[in-house]
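Chemist: Dumping the structure here so I can ask a few things about it.
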Amino acid sequence: MDNQVAVLVDLITSATNKTFTYKIPTALHDRVSCGTKVRIPFGPRIIMGYVVPEQPEPVDKIRSITAVVAENLFNEEGWQLARFVADKYLCHLVEALQLVLPPGTSRGVSLERRVEYVDLLLSQLQVRDLMEELGPRAPAQVRILTMLLKERPLIRKDLLKRAPAAASSLKALVGRGAVKMWIERDPASQLASLEVASIKEKQPPVLTTAQNKALQPIIKALTARRHESFLLHGVTGSGKTEIYLRVLATALNQGRGGIVLVPEIALTPQMRERFVNRFGSEVALLHSKLRERERYDQWQRIGQGRARIVVGARSAIFAPLKEIGAIILDEEHETAYKQEESPRYHARKVALWRAKKHGAITILGSATPAVETYYKANRGSYTLLTLPNRIAQRPLPQVQIVDMRNELLAGNRSIFSRLLQTKLAETLAARQQAILFLNRRGYSTFVLCRQCGLVAECPHCDLALTLHKAGQCLVCHHCGYSKPLYQRCPRCGSGYVRDFGCGTQRVVAETQRIWPQARIIRLDADTSARVGATDEIIHSFSQGKADILVGTQMVTKGLDIARVTLVGIISADLTLNLPDPFASERTFQLLEQVAGRTGRGEMSGQAILQTYAPNHPSIRAAKGHDYDGFYQLELERRYRYQYPPFLEVLLVRVLAPKERIAIDLLERVLDLLPQKEGVIMEGPAPCPFLKISNKFRWQLIIKGRHLGPIKDWLAAKLPALTAASQRAGARLTLDVDPVSYL
Ligand code: ADP
Ligand code: ZN
Ligand code: ZN
């Protein structure tokens, strides 16, 4: 049995969601182990597979591995992690395994660093003769030989640079049989270039009493190498990040490392610098703006133990860090921690799983914890730690609510209330900075013919198109479809085509119209598309090169800029009115967070919150920074309408070219599903956005206290259901613990 291994074949089919047994040929014996990618015969074909640490099942007719493609792609923990994700989120094992593989592996490209070396083929004496012969006719070739006499072998790139010489000179020497070149795998030397970051911070700040009090129990568990999870509930600017830094320093002292997860858009240069300035080259950064090659190199540094502090977005939770002391989720309530495509994992769940394996501590940090998290903390699953005040007794921003209905009554048709106008004018006059937040990019919300009522809609999505002023085009925010804005209505031919509603572009235009002198920059998906653009925008704003920053969600997180004293929320209602059971939670979190961007320095801050629903509980709670009040009401609502944390939810969706197909498939699932007591089925019903990218979307919501048996049943039937959907040209998806119903 010793020469047999379990292999997971790299095919996503119903028959391959398990391992197969293969024989290791003697020649490959010492190269095949857990994490090796191999070529194997499978049926009539030769395909790829991964060797996994499972007991190989005995088989009658065993086939042999034909080749080794790559080694050490994952370790035993990586495999267990993949299994955990596949079990929990009902996805294929190969899909889950992709999460722990080094970047690029799944596309079949090897990003392994390869280095080209050059060495002499002749003896010293022969070389000297040759140099004399070449003489002044070929000075570059002579320089190359001189270099190699001093030091050999040399890396080709270095040699050419140091000589200096052109590639053609080197080639000529190869042609003469004087030198040879070859390529070798070289993981280390290139990675070293990433390790230039030096520790810039002189002395960390002295902790406040509140910080000390919160830190102590964490350090205690960490030092005892005991797995314990903490909820660090601290208002914006209360010094949570400083606590993370201290915990990580302790983990390093123990010879362990740590992972810090930050929502992608909060991974601002400021945030990154705080970790790099403290830990220098121990830090590996993983975020989506890195090129694949850069991600790969960071991954290698982590795997080799060269970088032990991983700071990254969601998928960094799978980083191959070997000894973990602490896992930290900053802004733990963020929905960005849930992946919205298969595997639909939640990084918080994975973090808790990994921390337990490593005997590590977890910190879930937030000013507005997820209702589910707070509930668990109250029931003792997490230790609750609070930082109720900002650093240095700085007050929380004063929040004022403006009822926009009154503005209309008073004859103010501007997007700015009178109060916000006054405050903006004051801020500008005082040479301080303001952030204007609106959760919608583009210029207007929709374009309508005032004569016949035609609204410009996306032909693929059943949704209104948004006007973008630059280029005068209409854009679908769901599928990206765009077309030029028309002057005359395509239906009735009238010229009364108008745009309604408001996006970030319009906020900029309006602000500029009222304050022509103000320097305004915009940060949203449109202005930040280019690599590096987000950093530039944030940098110039934090350097005071603009007075007003206008933006979407991207301006709500991670910014810590002392001169920002005003935040204007143009419309708090956009997220509130979404057809999603979590809409009120999202709204409260968003408002609290964006308000938290102001008054972080010496000067106190204010937030103006414009709304048509001033009495909504989420809005009132945001005004009073009243997390507990919000939580109590929200929990009651969740109980009444049967949502998490009281019930588990499973969302079954079908995306199909025709509605009938989607409905039929879901009805079949419903018919087949074993009826269990206490399990509620809602649907089949159309999704809130019925048609996106030419696909009709229907769903079935399954709720219950314990969905374990239903999940087992679905996992077993999934292959057949998936196959049936594919035959009908549809796609069936399962979302365990969805964070949004949109
Ligand atoms: P949070 O993560 O809770 O929003 P931060 O850690 O960003 O809070 O802290 C807010 C500000 O206070 C930052 O500018 C930080 O450098 C500073 N700060 C944090 N802890 C201390 C401390 N003990 N003494 C002085 N300044 C501190
Ligand atoms: Zn018309
Ligand atoms: Zn569209």
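The values are calculated or read from the model by the stated rules, or taken from the named source; none is laboratory data. Note that this is a predicted model, so its numbers are computed, not measured. We place every Cβ from the backbone using ideal geometry, glycine too, and count neighbours over all the protein chains shown. Ligands, DNA and RNA are excluded from the accessible area calculation, which covers all protein heavy atoms including side chains. Shrake-Rupley method; radii C 1.70, N 1.55, O 1.52, S 1.80 Å.
Chemist: Can you work out the FRET efficiency for the pair Ser33 and Asn577, with r the C-beta to C-beta distance and R0 = 56 Å, to the nearest 0.05? Walk me through the intermediate numbers first.
Modeler: Details: r = 55 Å, r/R0 = 0.99.
Calculated value: 0.50.
Chemist: Using 0.36 nm per residue, how much length does the chain from Leu409 to His706 gain when fully extended, once their Cα-Cα distance is taken away? Could the numbers behind the result be given before it?
Modeler: Numbers: separation 297, 0.36 × 297 = 106.92 nm, distance 5.16 nm.
Computed gain between Leu409 and His706 is 101.8 nm.
Chemist: Then there is this: Compactness ratio of the chain: Cα Rg over 2.2 N^0.38 Å, N = residue count? The partial results should precede the final answer.
Modeler: Working: Rg = 29.8 Å, N = 742, 2.2 N^0.38 = 27.1 Å.
For the chain, the normalised Cα radius of gyration is 1.10.
Chemist: While we're here: Pairing the Cα long axis of helix 627-640 with the longest principal axis of the chain, what angle in degrees results, from 0 to 90 and rounded to the nearest 10?
Modeler: It is inclined by approximately 90 degrees.
Chemist: What spacing in nm lies between the two simple spin-label points modelled at Ser342 and Ile12, each 7 Å away from Cα in the Cβ direction?
Modeler: Output for this residue pair reads 0.6 nm.
Chemist: What distance in nm separates the two pseudo spin-label positions at Ala529 and Lys213, each 7 Å out from Cα along the beta-carbon direction?
Modeler: 5.0
Chemist: Looking at the stretch 467-506, which trypsin sites (Lys or Arg not before Pro) are DSSP coil and have at most 13 other C-beta atoms within 10 Å of their C-beta? List each step's numbers first, then the result.
Modeler: Numbers: sites: Lys469, Arg488, Arg491, Arg498, Arg506; in loops: Lys469, Arg488, Arg491.
Loop-located and lightly packed - Arg488, Arg491.
Chemist: What Cys residues in the chain have no fellow cysteine's beta-carbon under 4.7 angstrom?
Modeler: When partners are defined as cysteine Cβ atoms under 4.7 Å apart, the chain leaves Cys34, Cys91, Cys473, Cys479, Cys502, Cys687 without one.
Chemist: Please list the three semi-axes, largest first and in whole Å, of the ellipsoid equivalent to the stretch 65-158, using sqrt of 5 times the eigenvalues of its alpha carbon gyration tensor. Working shown, then result.
Modeler: Values: eigenvalues 550, 28, 21 Å².
Square roots of five times the eigenvalues give 52, 12, 10 Å.
Chemist: How compact and how long is the stretch 665-706, expressed as Rg and Dmax of its alpha-carbon atoms in Å?
Modeler: 12.2, 38
Chemist: Moving on. Can you grab the distance from the C-alpha centre of the stretch 469-505 to the C-alpha centre of the stretch 664-742, Å, no decimals?
Modeler: 36
Chemist: Something else about it: Taking Cα pairs under 8 Å and at least six residues apart, what relative contact order does the chain come out at, in percent? Walk me through the numbers before you get to the answer.
Modeler: On the way: 1418 pairs, mean separation 76.5, N = 742.
The normalised contact order for the chain reaches 10 percent.
Chemist: By what distance, in whole Å, do the Cα atoms of the stretch 467-564 stretch along each of the three principal axes, largest value first?
Modeler: Principal extents (largest minus smallest coordinate, Cα): 53, 32, 19 Å.
Chemist: Taking the 0 to 90 degree range and rounding to the nearest ten, how far is the long axis of helix 209-223 tilted relative to the main principal axis of the chain, both from C-alpha atoms?
Modeler: Tilt of helix 209-223: around 40 degrees.
Chemist: A further question on this structure: Relative to the longest principal Cα axis of the chain, at what angle does helix 76-89 sit, 0 to 90 degrees, rounded to 10?
Modeler: Computed tilt is about 30 degrees.
Chemist: Is it possible to state the helix-based mean residue ellipticity at 222 nm for the chain, with each DSSP H run of 4+ residues giving -39500 (n - 2.57), the sum divided by total residues, to the nearest 500 deg cm²/dmol? What is it?
Modeler: Working: 23 runs with 246 residues, N = 742.
Calculated at 222 nm, the ellipticity per residue is -10000 deg cm²/dmol.
Chemist: Restricting to DSSP loop positions (anything but H, G, I, E, B) with no more than 16 other Cβ atoms inside 10 Å of their own Cβ, which trypsin sites (Lys or Arg not before Pro) remain in the stretch 382-431?
Modeler: In loop regions of the stretch 382-431 (DSSP not H, G, I, E or B), the sparsely surrounded trypsin sites (Lys or Arg not before Pro) are Arg413, Arg431.
Chemist: Want the number for Glu292 to Tyr641: 0.36 nm per residue separation, take away the alpha-carbon distance, what's left? Could the numbers behind the result be given before it?
Modeler: Working: separation 349, 0.36 × 349 = 125.64 nm, distance 4.40 nm.
The span from Glu292 to Tyr641 would gain 121.2 nm if fully extended.
Chemist: Between Asp628 and Thr335, what is the FRET efficiency for a Förster distance of 25 Å, r being their Cβ-Cβ separation, to the nearest 0.05? Present the calculation step by step, with values, prior to reporting the outcome.
Modeler: Details: r = 22 Å, r/R0 = 0.88.
For Asp628 and Thr335, the calculated efficiency is 0.70.
Chemist: While we're on this one: Using only C-alpha positions, report the orientation-averaged shadow area of the convex hull of the stretch 401-490, nm², one decimal. Before the final figure, lay out the partial values.
Modeler: Details: hull surface 34.0 nm².
Its Cα hull, projected and averaged over all orientations, spans 8.5 nm².
Chemist: Mind pulling up the Rg/Rh value for the stretch 251-352? Radius of gyration and Kirkwood radius, both on Cα. Provide the component values of the computation, followed by the final result.
Modeler: Details: Rg = 12.8 Å, Rh = 13.6 Å.
Over the Cα atoms of the stretch 251-352, Rg/Rh equals 0.94.
Chemist: While we're on this one: Of the chymotrypsin sites (Phe, Trp or Tyr not before Pro) in the stretch 621-698, which ones lie in a loop per DSSP and count no more than 15 other C-beta atoms within 10 Å? Please list the in-between numbers first.
Modeler: On the way: sites: Tyr627, Phe630, Tyr631, Tyr639, Tyr641, Phe646, Phe689, Phe696, Trp698; in loops: Tyr641, Phe646.
Passing sites in the stretch 621-698 are Tyr641, Phe646.
Chemist: If you wrap the stretch 598-742's Cα atoms in a convex hull and average its projection over all directions, what's the area in nm²?
Modeler: Seen from a random direction, the Cα hull of the stretch 598-742 projects 12.3 nm² on average.
Chemist: Here's another thing I want to ask about it. Hey, if we sort Ser604, Ser584, Ser542 by accessible area with the 1.4 Å probe, largest down, what's the order?
Modeler: Details: Ser604 75, Ser584 15, Ser542 45 Å².
So the residues, ranked largest to smallest area, are Ser604, Ser542, Ser584.
Chemist: Another question about this same structure. Under 15 Å from a label point 7 Å along Cα→Cβ of Glu659: give me every residue in the stretch 446-480 with its amide N that close.
Modeler: 461-463
Chemist: A further question follows. Where does each of 673-683, 27-37, 320-330 land if you order them by average Cβ count within 10 Å, highest first? Before the final figure, lay out the partial values.
Modeler: Details: 673-683: 12.9, 27-37: 16.0, 320-330: 23.6.
By packing density, highest mean first, the sequence is 320-330, 27-37, 673-683.
Chemist: Expressed as a fraction of 2.2 N^0.38 Å, the rule-of-thumb size for a compact globular protein of N residues, what is the C-alpha radius of gyration of the stretch 207-277? Write out the running numbers ahead of the final one.
Modeler: On the way: Rg = 12.6 Å, N = 71, 2.2 N^0.38 = 11.1 Å.
Here the Cα radius of gyration is 1.14 times the empirical estimate.
Chemist: For Ala724 and Ile514, compute 0.36 nm times the residue count separating them, minus their Cα-Cα distance, and round to one decimal in nm. Don't skip to the answer; put the middle values down first.
Modeler: Numbers: separation 210, 0.36 × 210 = 75.60 nm, distance 5.91 nm.
Between Ala724 and Ile514, full extension yields 69.7 nm more.
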